[in-house]
Each structure stands twice: as structure tokens, then as C-alpha cells.
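The values are calculated or read from the model by the stated rules, or taken from the named source; none is laboratory data. It should be emphasised that the depicted structure is a prediction, and the values quoted were computed from it without experimental measurement. Cβ coordinates were reconstructed from backbone atoms using ideal geometry, including for glycine residues, and neighbour counts include every protein chain displayed. SASA here: full protein model, heavy atoms, side chains in, ligands and nucleic acids out. Shrake-Rupley method; radii C 1.70, N 1.55, O 1.52, S 1.80 Å.
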Amino acid sequence: MRSLLAVALLVAAPLLSTGAANAANAASAGAATDAAPGAPAARACSGYVALTYDDGPTPQFTRPLLSALNAAGARATFFDMGSRVQQYPDLARATTAAGMWIANHSWSHPYLTRISAAEVTRELSNTQNAIRNATGQTPTLFRPPYGDTNAAVQAEARRQGMAQVLWSVDTQDWNNASTDAIVRAATSANAGGIVLMHDGNQRTVDAVPRIVRGLAAKNLCPGRIDSTGRVVAP
């Protein structure tokens, strides 16, 4: 009886082995299919560039911009105005739901060095509250409108728990730059660069896929700005 059982096991072993291998291959294929269908293939990144968008959220352009970034497999930082977040909290929530980061761009976009210290405090704190109320998140990054800052403004941002972030590349999209010009400027960024763009026009939305492809050609990927202002992996 034992010899008959041994023979049966010898015959069945290759079949079991083949079946297990086929099952493993099927599971692997299924996992690959389940993982982010339609998402771009993973890219080799030798460095990271931060894509940033100021002045939102805007009813006409925020959602198309989010869709373009998601389709390109990119994440970005949105420096939003508190007054607009209060007006369009659903767009602020959509921004974080899409995997983007929201940061503080003041309440009403003034030249912060031309107003009183108390007004600077309100511009920043009211924006913090609006973003927190809309999204449940408290920004750790701040960008002064027009890049207009001084030691007192920077100190107030730090006091409220934010690092000040400027930029290394200005795409001039705020100055009616064409989509081609926006792409050329953005893709000129080097590793660690921060690209200034705006949530407010179709040309900037249209530039997104070409920017991501152009950076990928340099082995650069869209990254995150950490709490110290450095550009790191998402």
C-alpha cells in the first residue's frame, strides 16, 4: 500500500508544481493589472522638481488642472489664497483628495511688506484656519504674494509653523506666456528646483503633460516640498 502511495505522489508532484507556478503567475499578472490601471510606468528619478501653483482655487481651472496632473502621474503643491478657499472649500478638498499638497498664499494677496505686522498675522492665520476648516489639514508651507517678503514676514510665518517657499523658475504664466513658453521654462529646472505657475489659465493646464515628459527626459520627477523648504521624493 505504501509503495502504491509513493508512486501516486511521484506522478502527482509535477502536476502540483506546474499548477502552483501557474497560480503564482496568474496572481502576479492580476496584481499588475490591479495596480493603478492607466497610470504611467514608473520612472527612474535622479532628482526631483517641485511643481507649484499659486492663487487658487478657481472654479474654472482647479479641477482640469488636477485631472491633468493625475493623468500625468504627477503631484504638485497648491499655494492657495484663504479667501478663495473659504469661498470654494469643495475645490480645496478636491485638491487634497487628488493627492496634492495645499499651502498658504495669504488671505487677500497683498504686498505683505507694505502692511502692518497685525495685518500680516491676520493674512496668514486666517488662511491657515480656512484651509484647516476645509480640508482638516494645517499647512506647513507659505509663499508670500509677489515674492514680497522680509525678515518680519518670514518670522511671522515661522511663528505660525510654516517655512517660507519662493521659487527658482518663474514660467511667466501670469504674464500671458504661451503654453510652449511655460513648458520651456518649467523643463529648464534642475534637481531641487521649484517651478512657479498659477491656478488660473488654460495654457498652464495644457502644459502639464509636456512638462512632466520633459522633466522625465532629464530623469527628473515631480516632488514634494518638505517642512524645511527642500524638494524631496513625494
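In the stretch 101-110, is there at least one residue being in contact (Cβ under 8 Å) with a residue 60 or more places away in the chain, closer than 23 Å to A189 by Cβ and not in a helix (DSSP H, G or I)?
Yes, some residue in the stretch 101-110 is in contact (Cβ under 8 Å) with a residue 60 or more places away in the chain, closer than 23 Å to A189 by Cβ and not in a helix (DSSP H, G or I).
Can you tell me how many residues in the stretch 181-210 are in contact (Cβ under 8 Å) with a residue 12 or more places away in the chain and either open to solvent by 40 Å² or more (accessible area, probe 1.4 Å) or over 12 Å from T52 (Cβ atoms) (or both)?
Residues meeting the conditions: 18.
Could you please let me know if D173 is surrounded by 23 or more Cβ atoms within 10 Å (Cβ to Cβ), closer than 30 Å to N126 by Cβ and free of Cβ contacts under 8 Å to residues at least 60 places away in the same chain?
Criteria met by D173.
Determine the pairs where a residue that is under 28 Å from A189 (Cα atoms), located within the stretch 149-167, has a partner that is part of a loop (DSSP other than H, G, I, E, B) and among the charged types (D, E, K, R) with Cβ atoms under 6 Å apart, the partner being 6 or more residues away or on another chain.
These pairs meet every condition: V165/R143.
Just wondering, is there one or more residues in the stretch 88-96 that are on the phi < 0 side of the Ramachandran plot, of a type in the set (G, A, S), surrounded by 14 or more Cβ atoms within 10 Å (Cβ to Cβ) and in a helix (DSSP H, G or I)?
Yes, the stretch 88-96 has at least one match.
Matching residues to (1) open to solvent by less than 80 Å² (accessible area, probe 1.4 Å); (2) on the phi < 0 side of the Ramachandran plot; (3) outside any helix (DSSP H, G or I); (4) at pLDDT below 95:
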| site | (1), (2), (3), (4) |
| --- | --- |
| V7 | no, yes, no, yes |
| A23 | yes, yes, no, yes |
| A32 | yes, yes, no, yes |
| V49 | yes, yes, yes, no |
| S67 | yes, yes, no, no |
| R75 | no, yes, yes, no |
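Is it the case that the stretch 122-139 has a residue that's closer than 20 Å to L69 by Cα, buried (at least 17 other Cβ atoms within 10 Å of the Cβ) and out of contact with any Phe, Trp or Tyr (no Cβ under 8 Å at 6 or more places or on another chain)? It would help to see each step written out before you state the result.
From the stretch 122-139, those closer than 20 Å to L69 by Cα are 135; that's our starting set.
Adding the requirement that they be buried (at least 17 other Cβ atoms within 10 Å of the Cβ) leaves 135.
In the following step, the residues that additionally are out of contact with any Phe, Trp or Tyr (no Cβ under 8 Å at 6 or more places or on another chain) were identified as 135.
Looking for residues that are closer than 20 Å to L69 by Cα, buried (at least 17 other Cβ atoms within 10 Å of the Cβ) and out of contact with any Phe, Trp or Tyr (no Cβ under 8 Å at 6 or more places or on another chain), one finds at least one in the stretch 122-139, hence yes.
Within the stretch 125-181, track down each residue that is in contact with a helix residue (DSSP H, G or I) (Cβ under 6 Å, 6 or more places away or on another chain) and hydroxyl-bearing (S, T, Y).
Selection gives T127, T135, T138, T171, T179.
Keeping to the stretch 108-121, report how many residues are open to solvent by less than 60 Å² (accessible area, probe 1.4 Å) and more than 29 Å from the chain's Cα centre (by Cα).
3
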